[in-house]
Number of protein chains: 2
Amino acid sequence: MPNKPLSKEKERFIEQLGERGLIETIVTKFNANVNRQIVTVGAGEDDCAVIDVDSARGGRKYLVVTTDTVQESTHLPKGISPFQIGWTAAAVNLSDIAAMGAHPFAFTVAMGIPAHTETSFMEEVVEGIEKCASAYHTAVVGGDVTRSKEVILTGTCFGFADRPVRRAGAEIGDLVCVTGSLGNAALGMNLIKRDREIKVPMKVEEIAKKALFQPLPRIQEGIALADSGLVTSMIDISDGLALSLAELAKSSGVGFEIYEDKVPVLSEELRTAETFDLSSIGVERRALAFYGGDYELLFTIDIDANGLKRISETINMSVIGKVTPHEAGIYFKKGEEKEKIELVGYQHF
Amino acid sequence: MPNKPLSKEKERFIEQLGERGLIETIVTKFNANVNRQIVTVGAGEDDCAVIDVDSARGGRKYLVVTTDTVQESTHLPKGISPFQIGWTAAAVNLSDIAAMGAHPFAFTVAMGIPAHTETSFMEEVVEGIEKCASAYHTAVVGGDVTRSKEVILTGTCFGFADRPVRRAGAEIGDLVCVTGSLGNAALGMNLIKRDREIKVPMKVEEIAKKALFQPLPRIQEGIALADSGLVTSMIDISDGLALSLAELAKSSGVGFEIYEDKVPVLSEELRTAETFDLSSIGVERRALAFYGGDYELLFTIDIDANGLKRISETINMSVIGKVTPHEAGIYFKKGEEKEKIELVGYQHF
């Protein structure tokens, strides 16, 4: 390849590029699209990033903050691209901001990278972080790079909200709802685990894997729900519907009755492309909904026909059940059958 | 040990305690001393922490943010205790806040922990984080726990400032100053590396190791310097004096002339306890100052006899040189000898 520039050859691995070279590359990318009215000092420009509070907050009362890590060995599915690794690191944090109904504005990311990582891999990770953040009007204002044994990305995301929606607040009689659809990422995961054994239409595989590899945090939905004033509690579904229901039940001191047939499993795009039989890959609808990874929002709303109509005109959502007394526990109802929901979901330890 | 409760026995390792058990332990510790006027939703209480902006900012204009990782294999010296690991994770971040002259108020920490870690180890790490943060009036408002191959702690720290002091701003003729003293942590590092070969007084070893294992971020000094209005540039000395001088020179577009004899090497406590000969352990004064780890502040001030007097009455500081034109580079001067300072310091890659 005579046209490949020598400098690229020399810096194929980040250990050759050096920490300072690496940081310069990253900083240039992160600062390219930053709003300088808000971010007066950006990533890599000083000891700290500096944000003009009044420009950033838009009059909102509360600063909300969350931090979340994604890591090669435990969080990242096989086949994910470097761009999607970066995207995911931003998306999981933005999803927590969405779950408060807050407006995100800034993000920092600490990257642990093995020394033999290719420079192009890092560039794509950084591109993924930046693209996800900027898709949600969020500036990447800071970071840190260290040498580690595996790829590990810790993001911290900041938002502003006037009425942050808590996990506590659901009242008996409220409706239980979710945004979008569940199980898309879980289908992707199933396809990856068994990719040599089963055949599904190419289109199905493509959509399901994208849901798994590049989740979409529900920022606009979270904001619309908070602004409606009708939402009594909210959480994101990062580790599956069952675990999120359990968290909400615990925080609000309530129980839930969920109508199995109402749970929106698989997106319309997947359902219409679905010319295969789920059971042929050994997957139940309910198992899909229970797996997580779609980063939809689970929320409860005050029962009010007008309010419900207003919200459902604004965002893609489904009513899946109702809030019951705490003593009743969490039940999944299919016709007349009632089954207590077991608490399954991902735990790191 | 018949009195040791069974439950403790059962939960000796965090993999036995489980993620939720671990998080509950951590959250209880972090939320114990939080000011609820400021932190309306604390660590582990919801998808995000929620901070009342106006209570937190005290009328200050800018939010400053930094993120920094400490990691077993690359950042932590041999012999450091779990408490001190936690302390260090908070201190390195607070030091960046200090370098802007900002008031810290909140901290989040993502902890990567091997599954076989003892519960008591984690409790001490968490204790160290909390004690360091609260020593500087900073609330630990959020976190994340994941299973990783080694102990890796990523902190993100938030502060407010009215006039954040930048790295850029030093003017030719300004005085170059440092807070406190340098080389204490470096002496500790030397003692650890050669602990079987050399003898130093117990007191010296104790002080030097404490400087290395439990650094003190210069928050009050940073605030006093920013408030003085006389400081033209500032940075913390995390990776040694030479590297911090180089960064400041680059950002401000200036050079430095440093008087070797004026650089305060070793604290008064160490110097008065120093009944041993540094050269016996093969360490030069200059090498100590160049190593870093003390997290002192390096800053430049407008030359003004009254201002200098006022600042030096408030904080423990030394004038170590003056700002020169950029073309002059960075020189270390000892009597009539001038030596160009090489850029040495820690790089991760």
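Taken together, the values in this text are just the output of simple stated rules run on the coordinates, not laboratory data. Computed from a prediction, not measured in an experiment: that's the story for all the values here. Glycine gets a Cβ as well: all are built from the backbone with ideal geometry, and neighbour counts include every protein chain shown.
Here are the numbers for this structure:
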item: Fraction of alpha-carbon pairs over 17 Å apart in the range B:81-127 - percent; result: 40 percent
item: Interchain or long-range residues, amide H under 5 Å from A:Val145's placed H; result: A:Met111
item: Amide hydrogen neighbours beyond the local backbone of A:Glu296, cut-off 5 Å, H modeled; result: A:Ile237
item: Two-decimal Rg to Rh for the range B:175-340 - Kirkwood Rh, Cα set; result: 0.98
item: Using θ = phi - 60° and Karplus 6.51 cos²θ - 1.76 cosθ + 1.60, couplings along the range B:329-337 (whole Hz; Gly, Pro as x); result: x, 10, 10, 10, 10, 10, x, 8, 6
item: Antiparallel content of DSSP bridges confined to the range B:15-161, in %, to 5; result: 70 percent
item: Estimated D of the protein assembly as shown in µm² per second, where Rh is the Kirkwood radius over Cα pairs and Stokes-Einstein applies at 20 °C, 1.002 mPa s; result: 80 µm²/s
item: Residue of B:Leu230, B:Leu297, B:Leu153 that the Gaussian network model of chain B assigns the largest fluctuation, springs spanning Cα pairs under 10 Å; result: B:Leu230
item: Residues whose placed amide H lies under 5 Å from that of A:Val151, excluding near-sequence neighbours; result: A:Glu72
item: Estimated FRET transfer efficiency (A:Ser81, B:Thr74; beta-carbon r; R0 25 Å; 0.05); result: 0.40
item: Charge sum, other residues only, whose C-beta stays under 13 Å from A:Ala249's C-beta, Lys/Arg counted +1 and Asp/Glu -1; result: -1
item: Principal semi-axes in Å for the range B:208-271 [√(5λ), Cα gyration tensor, largest first]; result: 22, 17, 13
item: Residue-count net charge about B:Ala328 - beta-carbon cut-off 12 Å; Lys, Arg +1, Asp, Glu -1; result: +2
item: Greater than 22 Å apart at Cα, pairs in A:Lys149/A:Lys210; A:Lys29/A:Lys210; B:Lys262/B:Lys340; A:Lys131/A:Lys309; result: A:Lys149/A:Lys210; A:Lys29/A:Lys210; A:Lys131/A:Lys309
item: Chain A, relative contact order in percent, only Cα pairs under 8 angstrom and at least six apart counted; result: 21 percent
item: Other-copy label distances relative to A:Thr74, 7 angstrom Cα-Cβ extension, nm; result: 2.0
item: The range A:11-161: relative contact order in percent, alpha carbon pairs under 8 Å with at least 6 residues between; result: 37 percent
item: Tilt relative to chain A, helix A:241-252 - C-alpha long axis, 0 to 90 degrees, to 10; result: 80 degrees
item: Counted charge near B:Ile237, where neighbours are those whose Cβ lies closer than 9 Å (Asp, Glu -1; Lys, Arg +1); result: -4
item: Share antiparallel - DSSP beta bridges, the range A:196-337, percent rounded to 5; result: 75 percent
item: Inter-copy spacing of A:Ile172 label points, which lie 7 Å from Cα along Cα→Cβ, given in nm from shortest upward; result: 8.0
item: Cβ-Cβ FRET estimate between A:Asp54 and A:His137, R0 fixed at 22 Å, reported to 0.05; result: 0.80
item: Whole-Hz couplings from phi, Karplus 6.51/-1.76/1.60, listed for the range A:290-297; x for Gly and Pro; result: 7, 7, x, x, 8, 6, 7, 9
item: Taking A:His103, A:His116 and counting other C-beta atoms within 10 Å, the order from fewest to most; result: A:His116, A:His103
item: Translational diffusion of the range A:11-161, µm² s⁻¹ [Kirkwood Rh, Cα pairs; Stokes-Einstein; 37 °C; 0.692 mPa s]; result: 213 µm²/s
item: Nm distances between copies for A:Asn35, ranked from closest, using label points 7 Å along Cα→Cβ; result: 2.9
item: Integer Hz, Karplus 6.51/-1.76/1.60 couplings in order for the range A:14-25, x for Gly and Pro; result: 5, 5, 7, 5, x, 4, 5, x, 4, 4, 4, 4
item: Projected area averaged over orientations for chain A, convex hull of C-alpha atoms, nm²; result: 20.2 nm²
